[in-house]
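Shown next, in structure tokens, is the structure this report addresses.
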Amino acid sequence: MLVDGTWDADWQPIQSADDDGRFIRQESTFRDWITPDGEPGPEGQPARPAEAGRYHLIVAYICPWASRTLMARALKGLENVISISVVDPRLSDQGWKFGDFPGSDAQDDLIGATYMHEFYTHSDPHVSGRATVPVLWDKKEATIVNNESADILRILNAGFGDLADPSVDLHPWALSGQIEALNAQMYDSLNNGVYKAGFATTQFAYEEAVDGIFAMLQDLEERLSDGRKFLLGSVITETDLRAFVTLIRFDAAYVGLFKTNRRRIADYPNIQRFLATVLDAPGIRNTVRIDHIKAGYYSIKSLNPNGIVPTGPDLSELGL
């Protein structure tokens with residue numbers, strides 16, 4: 001990680017843990033906003049004006065947090081407005097880097113970086129913390145705008161005004177309360193829950209996390225049992241994106257590597273149908289790279305020291 005702008009040690013997956021061995025995720029560092037006219041963000045955040053071609057997303061297909069921003073970019077019709085670059089899915093001793101894995105960028109053309117952490121020190125020479133993806137980059141000012149995926153989702157949904165597709169609203173006002181409530185429930189027990197299971201350092205912390213994961217999966221299965229297309233009804237929202245990125249990785253990575261093996265997503269017919277529905281939304285299938293997901297997760301040396309990548313699972317029912 002970075003300490004006062006200097007890379008300090010080899011990359012490690014466990015960011016922090018409490019006294020009971022629970023995995024604790026770090027807070028994001030850069031939290032500026034983009035708005036159609038450059039006025040402050042929804043909570044008064046400093047903001048830049050929306051401009052076509054000015055902003056760039058740096059992502060990893062392995063990463064669920066990054067992939068949900070790619071999904072929002074596709075659904076909002078921003079592919080020709082915001083450019084992207086993709087890091088190698090295989091984690092190096094210095095974290096994310098550019099490399100030669102098929103579908104990733106061999107080099108960075110923005111600042112000539114090799115490693116993701118160089119974007120952080122370019123933006124703040126004294127930054128401390130982990131160099132994560134996604135990053136929303138300002139090409140004009142050569143700095144990070146935001147590295148919090150939840151913020152970037154909302155920026156892409158509402159921050160680009162007429163440059164984006166107005167027919168898609170991932171956070172409609174009428175569903176705001178339901179979105180916030182289900183987001184919070186899913187984050188703790190599912191989105192972050194799989195990491196709490198995989199990176200637990202005690203049996204207690206692992207079992208607590210797994211109990212939460214499968215309680216949430218059962219809740220989602222029952223929620224979808226009335227035949228609804230999406231989690232909150234007939235329209236896709238950011239909550240669907242948040243759920244999808246974890247669910248699509250579950251059988252391919254978490255069941256094996258993170259020991260979340262009580263059941264597979266393939267055992268939940270309503271969730272499986274939901275995944276197929278989301279995959280059929282415009283542009284979404286292009287944001288899913290199972291080869292990157294497996295190569296990336298199984299490159300975590302502390303969990304898989306020999307680097308062996310499993311040949312399964314069979315995801316042909318989803319067309320993957």
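The values are calculated or read from the model by the stated rules, or taken from the named source; none is laboratory data. Predicted model only: the values in this text are computed from it and were never measured. Backbone-built Cβ (ideal geometry, glycine too); neighbour counts: all protein chains shown. The accessibility values were calculated without ligands, DNA or RNA, using every heavy atom of the protein model including side chains. Shrake-Rupley method; radii C 1.70, N 1.55, O 1.52, S 1.80 Å.
Data for the structure
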{"item": "Flag if Ala158 is closer than 28 Å to Ile84 by Cβ and either surrounded by 20 or more Cβ atoms within 10 Å (Cβ to Cβ) or not β-branched (Val, Ile, Thr) (or both)", "result": "yes"}
{"item": "Residue among Thr6, Thr35 that alone is of a type in the set (Val, Ile, Thr), open to solvent by less than 50 Å² (accessible area, probe 1.4 Å) and either modelled with pLDDT of 75 or more or under 19 Å from Val127 (Cα atoms) (or both)", "result": "Thr35"}
{"item": "Helices (runs of 4 or more DSSP H) wholly inside the stretch 189-294 that include at least 3 residues being touching a residue at least 40 places away in the same chain (Cβ under 8 Å) and surrounded by fewer than 19 Cβ atoms within 10 Å (Cβ to Cβ)", "result": "203-223, 269-279"}
{"item": "Residues that are in a loop (DSSP other than H, G, I, E, B) and open to solvent by 20 Å² or more (accessible area, probe 1.4 Å), drawn from the stretch 133-155", "result": "Lys139, Lys140, Glu141, Ala142, Glu148"}
{"item": "Any hit, the stretch 297-313, residues being out of contact with any helix residue (DSSP H, G or I) (no Cβ under 9 Å at 6 or more places or on another chain), surrounded by 15 or more Cβ atoms within 10 Å (Cβ to Cβ) and among the hydroxyl-bearing types (Ser, Thr, Tyr)", "result": "yes"}
{"item": "Residue in the stretch 61-71 that is surrounded by fewer than 22 Cβ atoms within 10 Å (Cβ to Cβ) and of a type in the set (Gly, Ala, Ser) present", "result": "no"}
{"item": "Answer from Pro89, Pro64 - the residue that is farther than 29 Å from His171 by Cα and under 14 Å from the mean Cα position of the chain (by Cα)", "result": "Pro89"}
{"item": "Residue under evaluation Ala106, criteria (1) surrounded by fewer than 22 Cβ atoms within 10 Å (Cβ to Cβ); (2) under 30 Å from Gly307 (Cα atoms); (3) in contact (Cβ under 8 Å) with a residue 12 or more places away in the chain, criterion not met", "result": "(3)"}
{"item": "Index of the failed condition, Lys139 passing every other in (1) of a type in the set (Lys, Arg); (2) touching a helix residue (DSSP H, G or I) at 6+ places or on another chain (Cβ under 9 Å); (3) under 16 Å from Ala47 (Cα atoms)", "result": "(2)"}
{"item": "Residue, least open to solvent (accessible area, probe 1.4 Å), within the stretch 109-132, restricted to residues that are charged (D, E, K, R) and without any contact (Cβ under 8 Å) to a residue 40 or more places away in the chain", "result": "Glu118"}
